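Enquirer: Take this structure first; my questions come after.
The values are calculated or read from the model by the stated rules, or taken from the named source; none is laboratory data. Not measured: the values here are computed from a predicted model. With ideal geometry, Cβ positions are generated from the backbone for all residues, glycine too; neighbour counts draw on all protein chains shown. We work out accessible area using only protein heavy atoms, side chains counted, and drop any ligands, DNA or RNA first. Shrake-Rupley method; radii C 1.70, N 1.55, O 1.52, S 1.80 Å.
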Amino acid sequence: MMDENGKLFGKVSIIDVGIVFFAILALAGYFVIRSGRPETQASPKTIQISLLLPEINIRDLNSFHVGDKANVTIRNQSAGLATLQNIKVMPHLITLPINGQVKSIPDPADPYSKNVVLTFQAEARETANGYAVGGAKVKVGIPLEIETAKYQLRGGTVIDLLST
């Protein structure tokens, strides 16, 4: 079978056979893995992502407008555009004992501090274990960053996901 020059049947080198075998194996593995990815098979859905921005210091909340398009970054991966659907502003409260009772009052030391919930609408693909926006998985509890021409907000956390 193998001659003194290391050739199989006197014609083909065993090293060449090994290289071709591993190249075919690598190509087959790529196509098997690629065909099994649910992100490539699912049709796009519209989802709403609610983002909590705690203790944000913005003097003028008129920077946010319903209908604004924002670039979304999920886990340091660009995920595409989302549209602002809803804005909910709540005062940042601190808890103090007052006259023997515990009360929550707006923080007098930081009058511009607010808790803001922004709800965005984005196109996503439903996967076996959640949604993927622009290839990046989005889930409740992950950090999310948004950027428009007027603002860039980091430190927000996804608090709700709804399929519409």
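Enquirer: Take I98 and decide whether it is more than 27 Å from P44 (Cα to Cα) and exposed (fewer than 12 other Cβ atoms within 10 Å of the Cβ). Break it down into steps so the answer makes sense when it comes.
Expert: Details: more than 27 Å from P44 (Cα to Cα): yes; exposed (fewer than 12 other Cβ atoms within 10 Å of the Cβ): yes.
For I98, the condition - more than 27 Å from P44 (Cα to Cα) and exposed (fewer than 12 other Cβ atoms within 10 Å of the Cβ) - is met.
Enquirer: Hey, can you tell me all the residues within region 103-124 that are touching a residue at least 24 places away in the same chain (Cβ under 8 Å), over 14 Å from the mean Cα position of the chain (by Cα) and part of a strand (DSSP E or B)? Before the answer, list the steps.
Expert: Just the residues of region 103-124 that are touching a residue at least 24 places away in the same chain (Cβ under 8 Å), to begin with: 110, 112-124.
Pick out the ones that are also over 14 Å from the mean Cα position of the chain (by Cα) and you get 110, 112-119.
Passing the criteria: S113, K114, N115, V116, V117, L118, T119.
Enquirer: Let me ask something additional. Please work out which one of (1) over 24 Å from T46 (Cα atoms); (2) at pLDDT below 90; (3) open to solvent by 30 Å² or more (accessible area, probe 1.4 Å) is the condition S113 fails and give its number.
Expert: Status for S113: all satisfied but (3).
Enquirer: For region 67-85, give me the residue count where each residue is at pLDDT 90 or above and open to solvent by 80 Å² or more (accessible area, probe 1.4 Å).
Expert: 2
Enquirer: Is it the case that region 122-130 has a residue that's of a type in the set (V, I, T) and under 17 Å from V158 (Cα atoms)? Talk me through it step by step, then tell me what you get.
Expert: First, the residues of region 122-130 that are of a type in the set (V, I, T): 127.
Remaining after also requiring under 17 Å from V158 (Cα atoms): none.
No, region 122-130 contains no residue that is of a type in the set (V, I, T) and under 17 Å from V158 (Cα atoms).
Enquirer: Still on this structure, please answer the following. Does V133 meet the test of being under 30 Å from Q77 (Cβ atoms), of a type outside the set (G, A, S) and in contact (Cβ under 8 Å) with a residue 60 or more places away in the chain? Full working, then the answer.
Expert: Details: under 30 Å from Q77 (Cβ atoms): yes; of a type outside the set (G, A, S): yes; in contact (Cβ under 8 Å) with a residue 60 or more places away in the chain: yes.
Against the criterion (under 30 Å from Q77 (Cβ atoms), of a type outside the set (G, A, S) and in contact (Cβ under 8 Å) with a residue 60 or more places away in the chain), V133 qualifies.
Enquirer: Follow-up question, since we're still on this one. Output yes when any residue across region 110-122 is among the small types (G, A, S), under 30 Å from R34 (Cα atoms) and touching a strand residue (DSSP E or B) at 6+ places or on another chain (Cβ under 7 Å), and no when none is. Let's see the steps before the verdict.
Expert: Keep residues of region 110-122 that are among the small types (G, A, S), which gives 113, 122.
With the extra rule that they be under 30 Å from R34 (Cα atoms), the set shrinks to 122.
Adding the requirement that they be touching a strand residue (DSSP E or B) at 6+ places or on another chain (Cβ under 7 Å) leaves 122.
Scanning region 110-122 turns up at least one residue that is among the small types (G, A, S), under 30 Å from R34 (Cα atoms) and touching a strand residue (DSSP E or B) at 6+ places or on another chain (Cβ under 7 Å).
Enquirer: Sticking with this one: Looking only at region 135-156, which residues are under 16 Å from A70 (Cβ atoms) and surrounded by fewer than 19 Cβ atoms within 10 Å (Cβ to Cβ)? Explain how you work it out, then say what you get.
Expert: Of all residues in region 135-156, those under 16 Å from A70 (Cβ atoms) come to 136, 138, 143-156.
Listed by number, the residues that qualify are P143, E147, T148, A149, K150, Y151, Q152, R154, G155.
Enquirer: Another one. Report whether or not I159 is among the aliphatic types (A, V, I, L, M), touching a residue at least 60 places away in the same chain (Cβ under 8 Å) and open to solvent by 60 Å² or more (accessible area, probe 1.4 Å). Give the derivation first.
Expert: Details: among the aliphatic types (A, V, I, L, M): yes; touching a residue at least 60 places away in the same chain (Cβ under 8 Å): yes; open to solvent by 60 Å² or more (accessible area, probe 1.4 Å): yes.
In short, yes.
Enquirer: Of (1) loosely packed, with under 10 Cβ neighbours inside 10 Å; (2) at pLDDT 80 or above, G18 satisfies all except one. Which?
Expert: If we test G18 against (1) loosely packed, with under 10 Cβ neighbours inside 10 Å; (2) at pLDDT 80 or above, just (1) comes out false.
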